[in-house]
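Report on the structure given below.
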2 protein chains.
Amino acid sequence: MSGAPLFDRLALIGIGLIGSSLAQAARQRGLVKEIAISTRSPETLQRAEELGLGDVYELDAATAVEGADLVILCVPVGANEAVAKWIKPALKPGAILTDAGSTKGSVVDQVGPHVPDGVHFVPGHPIAGTEQSGPDAGFPTLFDERWCILTPPEGTDPAAVEKLTKFWEGCGSTVDIMDAKHHDLVLAIVSHLPHLIAYNIVGTADDLEAVTKSEVIKYSASGFRDFTRLAASDPIMWRDVCLNNKDAILEMLARFSEDLSALQRAIRWGDGEQLFDLFTRTRGIRRSIIEAGQETDAPDFGRHGKPGSANLAE
Amino acid sequence: MSGAPLFDRLALIGIGLIGSSLAQAARQRGLVKEIAISTRSPETLQRAEELGLGDVYELDAATAVEGADLVILCVPVGANEAVAKWIKPALKPGAILTDAGSTKGSVVDQVGPHVPDGVHFVPGHPIAGTEQSGPDAGFPTLFDERWCILTPPEGTDPAAVEKLTKFWEGCGSTVDIMDAKHHDLVLAIVSHLPHLIAYNIVGTADDLEAVTKSEVIKYSASGFRDFTRLAASDPIMWRDVCLNNKDAILEMLARFSEDLSALQRAIRWGDGEQLFDLFTRTRGIRRSIIEAGQETDAPDFGRHGKPGSANLAE
């Protein structure tokens with residue numbers, strides 16, 4: 001990124017994995033002149049300061065957004081409404097207010113009514129993350145080659161959407177624009193259901209009597225461990241996602257369960273042909289994901305040292 | 001591995017990911033003097049020869065096992081019985097017959113009756129693999145720091161178990177001995193259920209009308225893609241696993257579905273506390289798996305370039 005900064009003052013409310021990565025990306029790439037950071041925990045705020053993530057550190061979110069022309073809410077989605085009410089009187093006219101939450105309909109419903117006239121409200125969702133959380137988990141390349149979805153409500157000023165798009169492009173992302181409701185349906189299948197399934201299977205394994213926990217851990221390389229990454233994600237964030245995208249998640253869970261019952265029946269009745277058909281058609285999707293640059297093709301995620309392939313030390 | 005080879009002639013029946021990796025590990029580490037390879041597909045056999053995986057290549061499995069003092073069946077578990085009948089007349093007295101299949105009760109039932117007197121039958125299962133298949137997918141370090149489970153039936157000669165243990169240790173693995181029935185229960189939760197869940201969710205996503213396949217692919221980094229690795233595994237292998245470990249798999253599927261219904265109910269009724277509890281207790285298991293050396297702790301499996309952490313080029 002070269003040229004003049006896009007914004008004078010960026011205010012980040014919440015400084016976990018996403019907020020910290022945004023601060024580092026915006027700083028390194030010269031996207032903003034000044035960064036104000038606010039979070040409700042004094043310990044986390046102090047850690048952000050130790051890491052040098054911003055220029056100004058405020059426990060009071062309203063003070064942090066004063067004079068900011070870009071405000072990004074990086075809190076669990078369940079906290080968005082309270083934050084919106086809190087900062088409402090301090091938002092600068094002409095500022096862009098956005099967020100980084102995993103649900104978008106709820107943000108429109110809960111934040112929208114508290115946005116003052118003259119402030120541009122453009123909900124957003126960077127499709128990027130790791131299983132780690134907190135300011136120490138952030139890194140400036142998190143958004144590189146990732147998608148960021150914006151869901152501006154009807155009537156939003158196109159110039160504000162354009163400027164926010166440039167910001168995310170500056171962070172390394174490609175921006176897609178869609179309706180909040182469609183976003184929530186898409187994310188329910190690509191993100192929310194996978195996380196719930198992962199949490200659920202780890203919970204099921206944890207509850208067994210006949211197989212010990214140490215056996216589950218020892219032999220986890222045979223499949224189970226692939227689920228544990230998602231199941232190690234931030235519990236507050238995921239509780240809030242479940243509570244704030246209920247309808248779409250329940251719809252996807254119902255479809256998944258129906259399909260699982262059919263699979264269960266095929267196993268019970270020894271229907272090898274049906275099993276083979278399912279196990280075959282699922283192979284192509286992975287190839288497409290690798291071709292789209294959203295996955296590595298190193299076998300087993302490159303965990304093993306295979307000569308000639310990328311090698312990740314274990 | 002130093003010292004004299006453990007076996008004079010190793011016969012590998014089947015030369016996919018496991019057979020190919022075994023050939024390379026045994027050769028590089030001097031565990032055997034000679035390797036005979038057999039597979040029913042002439043194309044695969046030719047490819048094995050091009051890769052230089054063995055010394056002798058035979059379409060006839062019976063010819064391959066002649067004179068072998070170690071015979072390892074590396075075929076999908078559904079093919080074991082036919083292979084056992086085929087090679088029965090050619091097995092050398094005193095030879096060790098083992099396999100690398102993911103189910104063990106079925107192998108005891110289907111292969112056991114065809115083992116001639118004087119041949120030592122010690123079923124085995126290396127807990128190692130990638131989502132790739134075929135002779136080209138093999139590599140000599142696949143078994144390093146992985147477990148291998150042996151399930152010798154009662155009355156098996158301890159010297160044969162000991163010798164096979166040394167062979168697997170030579171390949172880099174640590175050997176565990178357990179009952180075949182217990183093996184099948186453990187693997188049902190750590191491997192078979194995860195694969196089925198992965199196949200199922202990829203199938204569910206593939207069937208949606210309201211979300212396009214290209215959307216699933218674009219946004220897969222938000223969780224979905226973690227499942228696609230398992231769902232890209234060999235379909236014949238996994239069909240056979242389902243057909244040959246039916247009872248244990250149905251038991252684990254039933255538990256998983258029960259737990260999923262409870263989770264679904266918590267979402268429907270907005271029970272944030274129950275959700276938070278589940279999402280919290282699942283975090284510890286991943287830490288234990290990393291500590292046990294069965295997983296990398298690089299965030300997002302090291303897919304992202306985080307300064308200071310292992311970096312896997314995407």
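The values are calculated or read from the model by the stated rules, or taken from the named source; none is laboratory data. If you're wondering where the values come from, they're calculated on a predicted model, not measured in any experiment. For neighbour counting, all protein chains shown are included, and Cβ atoms are generated from backbone atoms with ideal geometry for every residue, glycine included.
Checked against (1) surrounded by fewer than 17 Cβ atoms within 10 Å (Cβ to Cβ); (2) under 28 Å from A:M178 (Cβ atoms); (3) in contact (Cβ under 8 Å) with a residue 12 or more places away in the chain, A:A82 passes all but a single condition, namely (3).
In this structure, does A:G172 turn out to be more than 23 Å from B:R225 (Cα to Cα), of a type in the set (G, A, S), within 16 Å of the chain's Cα centre (by Cα) and assigned by TED's automatic domain parsing to the domain that holds A:G16? Walk me through how you get there before you give the answer.
Values: more than 23 Å from B:R225 (Cα to Cα): no; of a type in the set (G, A, S): yes; within 16 Å of the chain's Cα centre (by Cα): yes; assigned by TED's automatic domain parsing to the domain that holds A:G16: yes.
When the stated conditions are applied, A:G172 does not pass them.
The number of residues in region A:1-58 that are surrounded by fewer than 18 Cβ atoms within 10 Å (Cβ to Cβ), under 21 Å from A:F143 (Cα atoms) and polar (S, T, N, Q) comes to 2.
Among the residues that make up region B:92-103, is at least one of them under 26 Å from B:P235 (Cβ atoms), modelled with pLDDT of 95 or more and more than 14 Å from chain A (Cβ to nearest Cβ)? Show your work before the answer.
Filtering region B:92-103 down to residues under 26 Å from B:P235 (Cβ atoms) leaves B:98-103.
Checking which are modelled with pLDDT of 95 or more leaves us with B:98-103.
This time we only want the ones that are more than 14 Å from chain A (Cβ to nearest Cβ), so: B:98-99.
Scanning region B:92-103 turns up at least one residue that is under 26 Å from B:P235 (Cβ atoms), modelled with pLDDT of 95 or more and more than 14 Å from chain A (Cβ to nearest Cβ).
Out of all the residues in region A:224-252, which are of a type in the set (D, E), under 22 Å from A:L17 (Cα atoms) and either assigned to a helix (DSSP H, G or I) or within 7 Å of chain B (Cβ to nearest Cβ) (or both)? Of everything in region A:224-252, those that are of a type in the set (D, E), under 22 Å from A:L17 (Cα atoms) and either assigned to a helix (DSSP H, G or I) or within 7 Å of chain B (Cβ to nearest Cβ) (or both) turn out to be A:D226, A:D240. Could you please let me know if B:D109 is at pLDDT 95 or above and surrounded by fewer than 19 Cβ atoms within 10 Å (Cβ to Cβ)? The answer is yes for B:D109.
Under the condition of being assigned to a helix (DSSP H, G or I) and more than 7 Å from chain B (Cβ to nearest Cβ), which residue from region A:263-285 is surrounded by the most Cβ atoms within 10 Å (Cβ to Cβ)? Per the stated criteria, the residue is A:A266. Exactly one residue among A:V111, A:V161 is outside any loop (DSSP other than H, G, I, E, B), under 24 Å from A:T44 (Cβ atoms) and free of Cβ contacts under 8 Å to residues at least 60 places away in the same chain, and that residue is A:V111.
Note on region B:248-258: among residues that are touching a Leu at 6+ places or on another chain (Cβ under 9 Å) and without any contact (Cβ under 8 Å) to a residue 60 or more places away in the chain, the one that is nearest to A:K246 (Cα to Cα) is B:S257.
Answer with yes or no whether B:G129 is of a type in the set (G, A, S), within 26 Å of B:R47 (Cβ to Cβ), at pLDDT below 95 and outside the structural domain of B:E251 (by TED's automatic domain parsing). It is true that B:G129 is of a type in the set (G, A, S), within 26 Å of B:R47 (Cβ to Cβ), at pLDDT below 95 and outside the structural domain of B:E251 (by TED's automatic domain parsing). Set side by side, the residues A:A292, A:A266, A:A210, A:A262 differ, and just one is within 26 Å of the chain's Cα centre (by Cα), among the small types (G, A, S) and on the phi < 0 side of the Ramachandran plot, which is A:A292. Only one of the numbered conditions (1) surrounded by fewer than 23 Cβ atoms within 10 Å (Cβ to Cβ); (2) free of Cβ contacts under 8 Å to residues at least 24 places away in the same chain is not met by A:G172, and that is (2).
Taking first residues from region B:34-55 that are at pLDDT 95 or above and partners that are among the basic types (K, R), the Cβ contacts under 7 Å between residues at least 6 apart in sequence or on separate chains come to B:E34/B:R9; B:I35/B:R27; B:A36/B:R9. A:T63 fulfils the conditions (1) part of a helix (DSSP H, G or I); (2) touching a residue at least 40 places away in the same chain (Cβ under 8 Å); (3) hydroxyl-bearing (S, T, Y) except for a single criterion, (2). Within region B:286-302, the residues that satisfy the criterion of being hydrophobic (A, V, I, L, M, F, W, C) and facing chain A (nearest Cβ under 7 Å) are B:I289, B:A292, B:A298, B:F301.
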